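A quick write-up on the structure given underneath.
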Amino acid sequence: MRRFLNRLYAASGVLAALCLAGIFVVMLAQSFGREAGIFVRGADDIVAWLCAATAFLALGHTFRHGELVRVGLWLDMLSPRARRRAELFALGLTSAFVIYMLYAVARFVYESWKFNEVAQGLIRLPIWIPQLCFVFGVVIFLVAVLDEFLRVLRGEKPTYQLAEEARRAAGDFSETV
């Protein structure tokens, strides 16, 4: 199961990176196309969809690697027992918020599908298709949060804390600047 989850988080990070690369390609095509007198239809729509996909698909991966904003300085001052309680509280609260977020996003996408909503831009596409990245990203983020909650519940250190400790041990203090 651990191997599957690690691959899921890595795959979501890779998909987010590919979406980011897609933004680069589309914007580059638009820039060169403008110089050559070629209009790239729907580039703004595609870039907007890829930008949203990048943000949502990266959530689980960045969370697991300790790259999301946390209050690590405050947690470092706590005793191990108090830190564990604070981590459980924070992860439990985060789980509740992400469950609600998943509900809201899934309902939003479902309603787009149900009402046959079409994109407003130059590309006439059912809008639920690019919106699916929101749902997939939030599902992966929820799995990552619940995974960390269970780790802490079992008495293990959270993966994001291990990643932070590894960065510090390697001499990388860029996140503290």
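Summary of computed values
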read-out	value
Helix 159-169 axis, angle to the chain major axis (alpha carbon atoms, nearest 10°)	80
Calculated over the stretch 1-104: convex hull of Cα atoms, volume per residue (Å³)	135
Label-to-label distance, nm, for residues given as Phe89 and Ala48 (7 Å Cα→Cβ offset)	4.1
Modelled label reach - Ala106, point 7 Å along Cα→Cβ, the stretch 47-61 residues with backbone N closer than 20 Å	53, 56-61
The stretch 74-177: chymotrypsin sites (Phe, Trp or Tyr not before Pro) in DSSP coil with no more than 12 other Cβ atoms inside 10 Å	Phe115, Phe173
The stretch 25-177, accessible surface, carbon-and-sulfur percent (1.4 angstrom probe)	69
Solvent-accessible area per residue for the chain (1.4 angstrom probe, square angstrom)	63
Cα-based Kirkwood hydrodynamic radius, the stretch 44-91, one decimal, Å	13.0
Long-range amide H partners of Val118 with built H, under 5 Å	Ile127
Value of [θ]222 nm, deg cm²/dmol, for the chain, DSSP H segments ≥ 4, -39500 (n - 2.57) each, nearest 500	-25500 deg cm²/dmol
Whole-Hz ³J(HN,Hα) from phi, Karplus 6.51 cos²θ - 1.76 cosθ + 1.60, for the stretch 98-112, glycine and proline x	6, 4, 5, 4, 4, 4, 5, 5, 5, 5, 4, 5, 4, 5, 4
Extension gain, Gln30 back to Phe97 (0.36 nm per residue minus Cα-Cα distance, nm)	20.3 nm
Separation between Cα centres of the stretch 104-174 and the stretch 12-84, rounded to whole Å	11
Reported label for calculated semi-axes √(5λ) of the Cα gyration tensor in Å given (1) 36, 21, 12; (2) 22, 21, 17; (3) 29, 20, 13	(1)
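The values are calculated or read from the model by the stated rules, or taken from the named source; none is laboratory data. A quick note: this is a predicted structure, and the numbers were derived from the prediction, not measured. Ideal geometry is used to build each Cβ from the backbone, glycine not excepted, and the neighbour counts take in all protein chains shown. To get the accessible areas, we keep the full protein, side chains included, count just its heavy atoms, and leave off ligands, DNA and RNA. Shrake-Rupley method; radii C 1.70, N 1.55, O 1.52, S 1.80 Å.
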